[in-house]
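Below is one structure, written out as structure tokens; the observations come after it.
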Amino acid sequence: MEENSASDILLIHGPNLNLLGTREPGIYGDESLEKINTRAIKQVEAAGRFLDILQSNHEGELVDRVQRAGTDGTRYIVVNPAAFTHTSVALRDAFSAVNLPFIEVHLSNVHARETFRRDSFFSDLAQAVICGLGPTGYEIALDAALKHLALDPNKT
Ligand code: DQA
């Protein structure tokens with residue numbers, strides 16, 4: 001495998017985020033997931049890195065992808081687990097198992113909404129948590145991921 005041919009960073013979007021742009025725009029904004037992803041790819045490729053992206057409404061598919069990230073050369077994950085943030089021990093366990101650094105992102109400020117959104121199965125494992133900044137949260141997370149990769153003493 002060529003160096004850097006595997007994706008350096010994996011961006012994961014959980015359930016219902018495929019509806020961004022039309023889903024509760026007052027909370028999640030009017031930008032589509034496609035636009036967010038296009039910008040993310042440009043940002044990562046401009047830094048000479050590769051990005052893989054998955055959106056899924058299915059817990060098992062997300063678990064499978066995180067498990068695969070443990071062996072496919074992925075070095076960093078940015079994830080918005082969406083509703084699974086508050087429910088999924090299975091997805092949490094997948095992150096624990098692969099032990100890759102990751103940032104948890106939420107478009108909305110989950111602390112300013114219903115109380116059940118304050119609890120996350122991921123935050124204590126995450127390197128950082130960003131919420132409330134809308135799509136800018138992904139840009140900041142990817143920037144931090146790129147910096148993390150650049151500073152990794154063992155790899156380029
Ligand atoms: C979300 C917040 C979650 O509580 C919610 O279930 C989502 C999106 C966010 O990005 O603000 O689907 O993760």
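Overview of values
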quantity: For region 80-117 versus region 7-78, the gap between their alpha-carbon centres in whole angstrom; calculated: 14
quantity: Accessible carbon and sulfur surface of region 1-144 relative to its total accessible area, %, 1.4 Å; calculated: 50
quantity: Dimensions (Å) - the chain, Cα atoms, principal axes, largest first; calculated: 45, 30, 24
quantity: Contour excess over end-to-end distance, with Cα ends at E61 and D93 and 0.36 nm allotted per residue; calculated: 10.1 nm
quantity: Rough spin-label spacing in nm, given labels placed 7 Å along Cα→Cβ, for A112 and A6; calculated: 4.0
quantity: Gain on full stretching of the segment that runs from N18 to Q127 - 0.36 nm per residue minus C-alpha separation; calculated: 36.7 nm
quantity: Per-residue HN-Hα couplings for region 12-23 [Karplus 6.51, -1.76, 1.60; θ = phi - 60°; Hz; x = Gly/Pro]; calculated: 10, 10, x, x, 6, 6, 5, 8, 4, x, 10, 7
quantity: Dipole in debye (nearest 20) - the chain, about Cα centre, beta carbon charges: Lys, Arg +1; Asp, Glu -1; calculated: 220
quantity: Region 51-153 - accessible surface per residue (Å², probe 1.4 Å); calculated: 46
quantity: J(HN,Hα) series, region 64-76, from Karplus relation 6.51 cos²θ - 1.76 cosθ + 1.60, nearest Hz, glycine and proline x; calculated: 4, 5, 5, 4, 5, 4, x, 10, 9, x, 4, 10, 7
quantity: Mean shadow area of region 1-66 over all directions, Cα convex hull, nm²; calculated: 5.1
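The values are calculated or read from the model by the stated rules, or taken from the named source; none is laboratory data. Just so it is clear, the structure is predicted and the values come from calculations on it, not from any experiment. In this analysis, Cβ positions are derived from the backbone assuming ideal geometry, glycine residues included, and neighbour counts consider all displayed protein chains. All accessible areas refer to the heavy atoms of the entire protein, side chains included, with ligands and DNA or RNA removed. Shrake-Rupley method; radii C 1.70, N 1.55, O 1.52, S 1.80 Å.
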